[in-house]
Amino acid sequence: QIPSEQIRLRGALEALPAYVAGKPAADGAGPRFKVSSNESPFPPPAAVREAVITAMDSANRYPDMGSAALREVLGALHQVDPTQIAVSTGSVAVSGDLLRAVVDPGDEVVFAWRSFEAYPILVGSHGGVSVPVPLTATFEHDLEAMAAAITDRTRLVLLCTPNNPTGPSLSTEQIREFLARVPGDVVVALDEAYREFHEPDTVADTAAIFRDHPNVVLLRTFSKMQGLAGLRIGYAVAHPRLARALGQVTVPFGAGSLAQAAALASCEPEVEEELERRAAWIRSERARVAAALREQGWQLPESQGNFLYFPMAERSGEFAAFAEQRGLVLRGYGDDGVRATIAEQEANDLLIEICRAWREQ
Ligand code: PMP
């Protein structure tokens, strides 16, 4: 037998950070809630479930390869041509496609840190060089420093707004000012996975920004507000040239027929209305929980996502363990902080209680 050490792996793999997925809530005494992955607490609406069941009848067939029907609908939704939409298995996969489309080995990718933990993994695994730029003291993107970090080797900038895991978002003006400093041959991706949880009156007009900047890509997902995290479907809105490139490098038949059917059903107006009501409820719960915690004396960054961030530094692990013992599975980020998803009311109430108990110990 050939010894397994002979299997040659790329050297870059050793330097890759691991993606720490949210743990499932283990069975035990009392309520247990997994609020560690920014998932929706609601199962998909009945019409979506029906569409998936119907799609099962032709699961012996390959899916619509170019996701033509879905791209048609999404194009109309974003008021762009369907050739400007690229679909894949979640927006994290679309981000990978983006790297394959624009980043050559050794090219640099600038992103804020902390931000979505998949970024350095994606960049490293595609042979790119990560240029993480520390967030400001208020856990926001330091756009000044990010613009200054752009070099001749920079091919891509990832802006996560609202920023996972810390919560703050970028305004229209901030993004426009930043773009004015970015060379036109650098692609700027706006990762808007949590856009639907943003207060609607202050959310950035990224559609207008996109129209003015051919190098801007919008990344969107059905995993969060639409509650389809388990089906894996997301997309990019991009310049036709870039969208075509994304289609060239993506996994053939990546987005499955059940996922496409669910996404299409989620775009139906009545379903959209229901999903929007749910997002509004999450926003109101976020405000309620944040107010209760601030009342307790917690200092939290302003969050526009379906989550709150606790910048607990070296006490992060201890706080996450404290919460878990009391029935709430949170997401810890080393010695930086801990993130809690806004979920069903019972989980949110438990979060408030756990935070009170922590301060009173
Ligand atoms: N972007 C951000 C900022 C995220 O937090 C996530 C999910 N955690 C994603 C993208 C990936 O979403 P998807 O399920 O569509 O791959």
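Coordinate-derived values only; no laboratory data. All values reported here derive from a predicted model rather than from experimental measurement. Note that each Cβ is placed from the backbone with ideal geometry, even for glycine, and that neighbours are counted across all protein chains shown.
Compute the relative contact order of the range 224-302 as a whole-number percentage, counting only Cα pairs closer than 8 Å that sit 6 or more residues apart in sequence.
Computed over the range 224-302, the figure is 35 percent.
I'm a student and want to see the number: the projected area of the Cα convex hull of the chain, averaged over all directions, in nm².
Over all viewing directions, the chain projects a mean Cα-hull area of 20.6 nm².
Out of THR89, PRO105, LEU328, whose Cα points farthest toward the positive end of the dipole of the chain (charges: +1 Lys, Arg; -1 Asp, Glu; placed on Cβ)?
With unit charges placed on the Cβ atoms, the residue in question is PRO105.
Sorting CYS267, CYS355 on the 10 Å Cβ count, fewest up front, what's the list? Mind showing how you got there, number by number?
Numbers: CYS267 16, CYS355 24.
Arranged by neighbour count, lowest to highest, CYS267, CYS355 become CYS267, CYS355.
Output the relative contact order of the chain, whole-number percent, from Cα pairs under 8 angstrom with separation of 6+ residues. Each step should come with its number before you reach the end.
Details: 662 pairs, mean separation 84.5, N = 361.
The normalised contact order for the chain reaches 23 percent.
With n ≥ 4 as the cut-off for DSSP H runs, can you work out [θ] at 222 nm for the chain, using -39500 (n - 2.57) per run divided by the number of residues, rounded to the nearest 500?
Estimated from H runs of four or more residues: -11500 deg cm²/dmol.
For a quick check: sort PHE253, PHE307, PHE322 by the number of other beta carbons within 10 angstrom, fewest at the front.
Details: PHE253 13, PHE307 27, PHE322 18.
Placing the least packed residue first, the sequence is PHE253, PHE322, PHE307.
With the crude spin-label approximation of a point 7 Å out along Cα→Cβ, what separation in nm comes out for LEU13 versus VAL129?
Here the answer is 2.4 nm between the modelled labels.
For labels at TRP281 and GLN296 in the simple 7 Å Cα→Cβ model, what's the distance in nm?
Inter-label distance under the simple model: 2.3 nm.
If you add up the charges near PHE222, with Lys and Arg at +1 and Asp and Glu at -1, over every other residue whose beta carbon is less than 15 angstrom from its beta carbon, what do you get? Each step should come with its number before you reach the end.
Working: positive: ARG49, ARG71, ARG195, ARG220, LYS224, ARG232, ARG278; negative: GLU39, ASP191, GLU192, GLU196, GLU268, GLU272, GLU274, GLU276.
Overall, the nearby charge balance is -1.
Between GLU173 and PHE253, what length comes free when the chain is fully extended (0.36 nm per residue of separation minus the Cα-Cα distance, one decimal in nm)?
Numbers: separation 80, 0.36 × 80 = 28.80 nm, distance 3.82 nm.
In short, 25.0 nm is gained.
Nearest 0.05, what FRET efficiency do GLN345 and LEU77 give at R0 = 25 Å with Cβ-Cβ as r? Can you show the working numbers first?
Values: r = 30 Å, r/R0 = 1.22.
Working from the Cβ atoms, E equals 0.25.
Considering only DSSP beta bridges with both partners in the chain, what is the antiparallel share in %, to the nearest 5?
40
Relative to the present Cα-Cα distance, how much length would full extension add between ALA137 and GLN325 at 0.36 nm per residue of separation?
64.7 nm is the gain from fully extending ALA137 to GLN325.
Distances over 18 Å make up what percent of all Cα-Cα pairs in the range 231-361? Spell out each step's value before the answer.
On the way: 5577 of 8515 pairs.
The proportion of pairs with Cα distances above 18 Å equals 65 percent.
What is the dipole size for the chain, taken about its Cα centre, with +1 at each Lys and Arg Cβ and -1 at each Asp and Glu Cβ, in debye to the nearest 20? Provide the component values of the computation, followed by the final result.
Values: 33 positive and 47 negative charges, 128 e Å.
The calculated dipole for the chain is roughly 620 debye.
Any idea what the dipole of the range 1-155 comes to, in debye rounded to 20, about its Cα centre with Lys/Arg Cβ at +1 and Asp/Glu Cβ at -1?
Numbers: 12 positive and 18 negative charges, 86 e Å.
Roughly 420 debye, rounded to the nearest 20.
Contour minus end-to-end for ALA207 and GLU144, with contour as 0.36 nm per residue of separation and end-to-end as the Cα-Cα distance? Present the calculation step by step, with values, prior to reporting the outcome.
Working: separation 63, 0.36 × 63 = 22.68 nm, distance 2.29 nm.
Going from the current span to full extension adds 20.4 nm.
Going by how many other beta carbons lie within 10 Å of each one, how would you line up LEU330, LEU143, fewest first? It would help to have the intermediate numbers written out before the result.
Numbers: LEU330 26, LEU143 20.
In order of increasing Cβ crowding within 10 Å: LEU143, LEU330.
Hey, if you put +1 on the Cβ of every Lys and Arg and -1 on every Asp and Glu Cβ in the range 183-257, which of ALA193, GLY254, ALA229 ends up farthest toward the positive end of that dipole?
Highest projection toward the positive end goes to GLY254.
So what is the relative contact order of the range 1-160, in percent, for Cα pairs below 8 Å that sit 6 or more residues apart? Present the calculation step by step, with values, prior to reporting the outcome.
Working: 151 pairs, mean separation 32.8, N = 160.
Across the range 1-160, relative contact order equals 21 percent.
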